[in-house]
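Reading through the structure tokens given below for one structure.
The values are calculated or read from the model by the stated rules, or taken from the named source; none is laboratory data. Keep in mind it's a predicted model, so treat the numbers as computed, not measured. Neighbour counts run over all protein chains shown; Cβ positions are idealised from the backbone, glycine included.
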Amino acid sequence: MNFDAIWNDQMKFNRNFFNPETIRDNPEKFQQMNNFYCLAAHREISEALDTVPWKIHRKEHKPEVRSNTLEELTDVFKYLMTLFQLHGFTPEEIETAYYRKSAVVEQRHLQEMVRNLQEESRIAAVDIDGVLADYPRSFVEYVNHELGTQYTVDSVVSYDVYTSLGLSVEIGMYLKDRYRETGQKRFIPVLPGAREFLQRLRAEGYTIVLITARPYEQYSRIYADTLEWLARNDLEYDFLIFHEKKEEYLVNSIGNGAIRFFVDDVAGNANTVSMLGIPCYLLNRPYNSGVDIKKGVYRIDSLEEIPL
């Protein structure tokens, strides 16, 4: 299939209705066109559905005419291409997004359908940012790049990164939004000893559950960004879970009997885990220094200190 020829043919036709280079200069028209093409694609999908029997409450004697199905699905395809072009996406971006999404779908299938977390009996639950990934250093360096400042990660002495850096909430939230939206998490350096720690867990027969509060529901790309980061850095794991209240979610999902320990860098999370009856190792960081910890939380300076 010559996709470039198909793409260019559709673009030529669409230019009768909008110019993809300037359409966003008119937000009202952009919204109108986006609504129209989304509804049109939705309608064509319904018409494709109607080319075959589909109602479970009726016996439909409707022979499929494959050429009709092909025509309706082609209409769907053309409207989808139009939506991509309306939003200014390129074939290269679509190809990249396709394979990134495929990786997400495959990972979910593996850990939700092929392998059941509830059947695991020896689980090590490991946070990502601040434990495996060199965060908040990565964000501090992004701030310096964007603002021309010279902050250091040593400035982050509390969980409120914005206040630690002297940024207003508005500026801090804007920069964090751009940091996430532009895929910076793909490039976070791996903390020293992280790769070796995961390899030790694998060698000792643990089921490795990486669990993170990264806001995947708000920024859909974060799931694929995280998978890309894990693959690029050859980091071992079995399950990858995103949840705002990550520790409570995991415990509520499978109980605490199978979870041998957590590893985190946030004292509040560690305390929550310990109160659920699970040991938690808290990596010492400037932002958790001096924070009271509960029984069952063990401060460590490096992942090597965790007994397996």
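Values as computed for the structure displayed
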item: Filter result (touching a strand residue (DSSP E or B) at 6+ places or on another chain (Cβ under 8 Å) and of a type in the set (Ser, Thr, Tyr)) within region 122-146; result: Tyr135
item: Failed criterion for Val251 (all others in (1) without any contact (Cβ under 8 Å) to a residue 40 or more places away in the chain; (2) within 23 Å of Ser155 (Cα to Cα); (3) buried (at least 18 other Cβ atoms within 10 Å of the Cβ) hold); result: (2)
item: Of all residues making up region 172-206, the number that are within 20 Å of Asn269 (Cβ to Cβ) and of a type in the set (Val, Ile, Thr); result: 1
item: Asn284 being within 24 Å of Pro192 (Cα to Cα), of a type in the set (S, T, N, Q) and surrounded by 16 or more Cβ atoms within 10 Å (Cβ to Cβ); result: no
item: Flag if Asp154 is of a type in the set (Asp, Glu) and assigned by TED's automatic domain parsing to the domain that holds Ala270; result: no
item: Where a residue in region 180-206 is more than 12 Å from Asp129 (Cα to Cα) and its partner, wherever it lies, is polar (S, T, N, Q) and not in a loop (DSSP other than H, G, I, E, B), with Cβ under 8 Å and at least six apart; result: Gln184/Ser138; Phe187/Ser138
item: Filtered residue count, region 90-106, keeping only those that are of a type in the set (Ser, Thr, Tyr) and in contact (Cβ under 8 Å) with a residue 40 or more places away in the chain; result: 0
item: Test result for Asp154, out of contact with any Phe, Trp or Tyr (no Cβ under 8 Å at 6 or more places or on another chain) and more than 27 Å from Gly290 (Cβ to Cβ); result: no
item: The listed residue being over 26 Å from Asp154 (Cβ atoms), of a type in the set (Gly, Ala, Ser) and touching a strand residue (DSSP E or B) at 6+ places or on another chain (Cβ under 8 Å), out of Ala258, Ala203; result: Ala258
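Conditions (1) more than 30 Å from Gln10 (Cα to Cα); (2) within 25 Å of the chain's Cα centre (by Cα); (3) touching a residue at least 40 places away in the same chain (Cβ under 8 Å), marked per residue:
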site	(1), (2), (3)
Leu49	no, no, no
Lys62	yes, no, no
Leu70	no, no, no
Gly88	no, yes, yes
His109	yes, yes, no
Glu120	yes, yes, yes
Asp129	yes, yes, yes
Asp134	yes, yes, yes
